[in-house]
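Okay, structure first, notes after.
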Amino acid sequence: MVAIVFIGPTISAQEVGEVLDAECWPPAAQGDIYRALQTNPRAIGLIDGYFDGVASVWHKEILFALQQGVAVFGASSMGALRAAELHDFGMTGLGRIFESYKSGETEDDDEVAVVHGPAELGYVPLSEPMVNVRATLARAVSSGALSTDDANALSERAKALDYRQRTWPQIVTGGESEALPDWVSEHRVDQKKEDALALLDAIKQELHHPSAPAPHTFTFENTLLWQQGTASWTNRQAAPERERRVLDELLFSEAHGSVRRHALARKLAVELAYERQIEVSAAERREITREFREQASLLSAADLRAWLASNELSEDEFKALLVEEVCFQDLANQDPDLNDAHALGVLKLEGGYEALARRAESKVDTLEGAGRAGASLDDAALSAEALEDWYFGNRPDFAGYGSLDAFLAAHGLQSIDEFHTILLMEYLYLEVIGPNR
């Protein structure tokens, strides 16, 4: 794929094809620029995009495209807005509308907004964008068809209308000039289309004579919000072919169910971490990287490179997965809800509940039968520190909680005494039943 342009009511696919050999996508919504990048285009043209009722194109996905070395052009509508906002970061803006936004002369989004028909009808515009109204009135004044005062009055009337109701019959009532409606019908200026054509020509020139990519004036941060967004935008169709085949194979794997559940848990953990504004520090990233490499026996740089290649991961993608893992572990370690009702639900559905319930009953009966129910630390000749060392020493995976208080809070334990009572019952139970049971 060479070029992708996002179009709708401003310009048709047929009109695009008369200027440029490009793939035409519908008006852009949030995530569409990122999805377009999965087809490896050399250039992206943003003309039309959604403003109302659908999340708009995110600035960060445009920055990501620029960081990947893809030329991104904007004009006319949403493209003009984003180009004015991101011009300093390398996005190329074209046309009078872009220049007006860039200079600050135009500020409101409704200046380019229109209501339009469905895709089946070619996104036919059902209202007139304010930028076209202004350009048309300016031409009427310069041609002598309208006075400056009347043009200003019409402009104010149009601006006062909701963009959905902004049509020429609503704007021109005939009081200014009986001939004006006919004049508008014949001489109306479509500034958005003119700017769109300028964008197409610029992409055509870029494809024929590629310019050297401008040096980045920004550092792209792989934030938690970005990871959350890209995870929700990526689907089987957007994944590379080899990864799609892996997902196909998963359908026949015994691990299918557990992988899907684990994936859902990780997704929810990342979303919850974002809602709680959990930040992952550089120290945490280094520690999780060290732990992973030790567990996976990737101790040398060569081993790590080979592992990344076999798993089709770039270094940035690897870092993103580890940040996700930190969020997953932090929430699993810090959220007591994960260890009460939800933990019980998992045990009941996956078959571990009955065995643990029988063991709990056996523990109570055994200690009562041995006369050791309700025993204290003194009765067992144990210190609290020794009991804690006994428990945590056998469970190195519990070290990630950071502190004993954090561990207690994560498990919904109300006090250290409650924790000690639970540990002591287990310690005495194992003493009574002996090492062979």
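Return yes when Ile97 is surrounded by 18 or more Cβ atoms within 10 Å (Cβ to Cβ), modelled with pLDDT of 95 or more and part of a strand (DSSP E or B) and no when it is not.
So Ile97 does not fit the description; no.
For segment 49-88: of the residues being of a type in the set (Val, Ile, Thr) and part of a loop (DSSP other than H, G, I, E, B), which is nearest to Trp233 (Cα to Cα)?
Pass one, segment 49-88, residues of a type in the set (Val, Ile, Thr): 54, 57, 62, 70, 72.
Subsequent filtering for residues that are part of a loop (DSSP other than H, G, I, E, B) retains 54, 57, 70.
On the way: Val54: 14, Val57: 12, Val70: 19 Å.
In this case the residue turns out to be Val57.
Search segment 37-68 for residues being surrounded by fewer than 19 Cβ atoms within 10 Å (Cβ to Cβ) and of a type in the set (Val, Ile, Thr), and hand back the single one that is nearest to Ala202 (Cα to Cα).
My answer is Thr39.
If you check every pair at least six apart or on different chains, which have Cβ atoms under 8 Å apart with a residue in segment 187-215 that is more than 19 Å from Ala13 (Cα to Cα) and outside any loop (DSSP other than H, G, I, E, B) first and a residue that is at pLDDT 90 or above and of a type in the set (Phe, Trp, Tyr) second?
Cβ pairs passing all conditions: Glu206/Phe73.
Filter segment 182-240 down to residues that are at pLDDT 75 or above and of a type in the set (Gly, Ala, Ser), then give me how many there are.
4
Report whether or not Ala75 is in the same structural domain as Gln38 (by TED's automatic domain parsing) and in contact with a helix residue (DSSP H, G or I) (Cβ under 6 Å, 6 or more places away or on another chain).
Yes, satisfied.
Look at Arg305 and say whether it is closer than 17 Å to Ile422 by Cα, at pLDDT 75 or above and not aromatic (Phe, Trp, Tyr). Break it down stepwise before answering.
Values: closer than 17 Å to Ile422 by Cα: no; at pLDDT 75 or above: yes; not aromatic (Phe, Trp, Tyr): yes.
So Arg305 does not fit the description; no.
The values are calculated or read from the model by the stated rules, or taken from the named source; none is laboratory data. Computed from a prediction, not measured in an experiment: that's the story for all the values here. Ideal geometry is used to build each Cβ from the backbone, glycine not excepted, and the neighbour counts take in all protein chains shown.
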